[in-house]
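Below: the structure, in structure tokens.
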Amino acid sequence: MTTATSSPDQAGARAPGPRPTSAGVSAGVSAGVSARGNVDDPVFAERYRAMSSRDARFDGQFITGVHSTGIYCRPSCPAVTPKPGNVSFFLTAAAAHEAGLRACKRCLPDAVPGSPAWNVRDDLAARAMRLIGDGTVEREGVPGLAQRLGYTPRHLTRVLVAEVGAGPLALARAHRAQTARVLLTSTDLPVTDVAFAAGFGSVRQFNDTITAVYERTPSALRAGSRSSTARPGPAHDALGAGAVGDGAGSRISLVLPARAPFDGSGLLAFLGVRAVAGVERSTPAGYERTLRLPHGWAHLHLALAGTVDAPAVACTVRVSSLADLAPLVSRVRRLFDLDADAQAIDRALADDPALAGSVRRTPGIRVPGSLDPEETLFRALLGQQVSVASARTALGRLSAALGEPVPGHHDRNTADAEPHLLFPTAARIAEHGREVLRGPAARIDSIVRVAEALAVGELALDVGEARADLEARLIAMPGIGPWTAGYVAMRVLGSPDILLTSDLALRQGADALGLPATARDLAARGAWWAPWRSYAGMHLWRAAGGGRPAAPTVPDKNGSGRLR
């Protein structure tokens, strides 16, 4: 049996060699439901062993449905192990809901990191799951979701039911219920505000869904959590007191769980060294920035929380519209790569003796994601052929000239000023970029052309893209080469298996670890690290010192150059 995630059957190290590219708890990950009580099915048998061991590593990777009690649980639920004949396994809470099961009150199966499979996989079902998590169904409905993916709603529904056990409406409903539970148990928002923040169309729909899923009213669910839920501490209060008018928005504090081990400090360092004045900054407690969302703006502060064994990210946020809260949480989870199966990744990379030491020094290394795909692309383009400091200066100048002020925040004109600007839109850069941008004319032309394509919809970037399609569309743009396309795909899509062998710093890190230092030989060695080559690349950047991408030193035919 092959696996790319934690498996109860794996033991010991093995020699480096080509690794499988499948994802999930087993090779049968694409099955939405493991047949009830079928102990002859290897997928069912593996999941039953994992559930019987109460191993928390599998929480979020699949769900245990217990038909004799009518509930579904996380694999580590401390309840008595049910008989195989009473058990089915599901990949999503929505599939368990569709089977008539309700969430376990004891283990709260959705209060865990999400499945890592949706980043590892790049098929239609995984792309749909990423978009559903981003709130696409709430904003555009199932027809809008299907259109983004290039299929009819009927075909999309058929694929999702077959792959994950539920259609898009049921999946979106489960996502709303989970968001509502988090808000009810960890904030003091009025229940009516919770309903609309979670994406429900009415309070009645909210009440009915919460009661059906958790077998408790929203008020009872909140009351039952008060004795056990940790309230936000001082580190979560970086944005000040609750919102008060003047466009200041609504202030909410949440704690988002991560899978252990978690190199959160490495992520904060990565973000801090690239912080753009006016838009973001590194703080003693974490990382702070502004962000444009579908219905308005947000101002967020992120800090490390939890423990070594149960790490988390504390998120304190002001949002102009509560309807943006669910997509914001999804994007923060992607930025910090909170759902990654860190133990499986570390075990796979440590199989290579050259990487074993780095894995021991930095367990749980993460691949930084993206809060705004268009911003990520512009940052990559502006960072080509210049140092990190120069790129920050150029991005700060662009933001100061074309960024939109956030209501209720004031410019102090200092290097450490509180973030008060939204990163410029593609439309603003297309219209005024030539007045602000400096450097070679060809590079300015490339950036403006990309902005124009984004502004009119000729180029689209979102988490529902397939990696190959996204990279192909980017490379077709003048001035964008394979390095930039791969880097953007890694950050925006969370693609776990991209090794940027043309990157100078990455090759320097490889050389420091005794690995091949030429692009061709490193690519061949990198085949051993599949499907986790993006994480291997983070180890190589770390070995080079500072963990910074450095892009190709020689411009290619599309103009990609060195990013320091």
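Just wondering, is there one or more residues in the range 192-202 that are in contact (Cβ under 8 Å) with a residue 12 or more places away in the chain, open to solvent by 10 Å² or more (accessible area, probe 1.4 Å) and aliphatic (A, V, I, L, M)? No, because not a single residue in the range 192-202 is in contact (Cβ under 8 Å) with a residue 12 or more places away in the chain, open to solvent by 10 Å² or more (accessible area, probe 1.4 Å) and aliphatic (A, V, I, L, M). Just one of (1) assigned to a helix (DSSP H, G or I); (2) open to solvent by less than 70 Å² (accessible area, probe 1.4 Å); (3) under 30 Å from Arg251 (Cβ atoms) fails for Arg428. It is (2). Residues in the range 491-512 that are part of a loop (DSSP other than H, G, I, E, B) and open to solvent by 40 Å² or more (accessible area, probe 1.4 Å): Ser502 only. Residues in the range 526-537 that are assigned to a helix (DSSP H, G or I) and in contact with a helix residue (DSSP H, G or I) (Cβ under 8 Å, 6 or more places away or on another chain): Gly526, Trp529, Arg533, Ser534, Tyr535, Ala536, Gly537. In the set (1) over 24 Å from the mean Cα position of the chain (by Cα); (2) part of a helix (DSSP H, G or I); (3) touching a residue at least 24 places away in the same chain (Cβ under 8 Å), the condition left unmet by Gly479 is number (2).
Every condition in (1) surrounded by 15 or more Cβ atoms within 10 Å (Cβ to Cβ); (2) closer than 20 Å to Leu395 by Cβ; (3) among the acidic types (Asp, Glu) is met by Glu435 except one, and the failing one is (1).
Leu169 - would you say it is open to solvent by 70 Å² or more (accessible area, probe 1.4 Å), within 30 Å of Glu465 (Cβ to Cβ) and modelled with pLDDT of 90 or more? When the stated conditions are applied, Leu169 passes them. All of Leu91, Leu108, Leu124 fail the test of being closer than 23 Å to Ala310 by Cα, open to solvent by 10 Å² or more (accessible area, probe 1.4 Å) and in contact with a helix residue (DSSP H, G or I) (Cβ under 6 Å, 6 or more places away or on another chain), apart from Leu91.
Evaluation of Glu163 against the conditions (1) farther than 21 Å from Arg36 by Cα; (2) open to solvent by 20 Å² or more (accessible area, probe 1.4 Å); (3) in a helix (DSSP H, G or I); (4) of a type in the set (D, E, K, R) shows that the sole unmet condition is (1). Taking the residues in the range 245-258 that are under 30 Å from Ala344 (Cβ atoms) and out of contact with any Lys or Arg (no Cβ under 8 Å at 6 or more places or on another chain) as candidates, determine which candidate is surrounded by the fewest Cβ atoms within 10 Å (Cβ to Cβ). Top of the filtered list is Val255. Here the range 172-191 is the region considered, the condition is being of a type in the set (Val, Ile, Thr) and in contact (Cβ under 8 Å) with a residue 40 or more places away in the chain, and the residue that is surrounded by the most Cβ atoms within 10 Å (Cβ to Cβ) is Thr179.
Just checking, does the range 442-450 include any residue being within 25 Å of Asp134 (Cβ to Cβ) and either modelled with pLDDT of 95 or more or aromatic (Phe, Trp, Tyr) (or both)? Within the range 442-450, one or more residues are within 25 Å of Asp134 (Cβ to Cβ) and either modelled with pLDDT of 95 or more or aromatic (Phe, Trp, Tyr) (or both).
Filter the range 267-303 for residues that are free of Cβ contacts under 8 Å to residues at least 24 places away in the same chain and open to solvent by less than 30 Å² (accessible area, probe 1.4 Å) and give the result. Of everything in the range 267-303, those that are free of Cβ contacts under 8 Å to residues at least 24 places away in the same chain and open to solvent by less than 30 Å² (accessible area, probe 1.4 Å) turn out to be Gly272, Tyr287.
The values are calculated or read from the model by the stated rules, or taken from the named source; none is laboratory data. All values derive from a computational prediction rather than experimental measurement. All Cβ positions, even for glycine, are placed from backbone atoms using ideal geometry, and neighbour counts span all protein chains on display. Just so you know, the surface numbers come from the protein's heavy atoms only, side chains and all, with ligands and any DNA or RNA stripped out. Shrake-Rupley method; radii C 1.70, N 1.55, O 1.52, S 1.80 Å.
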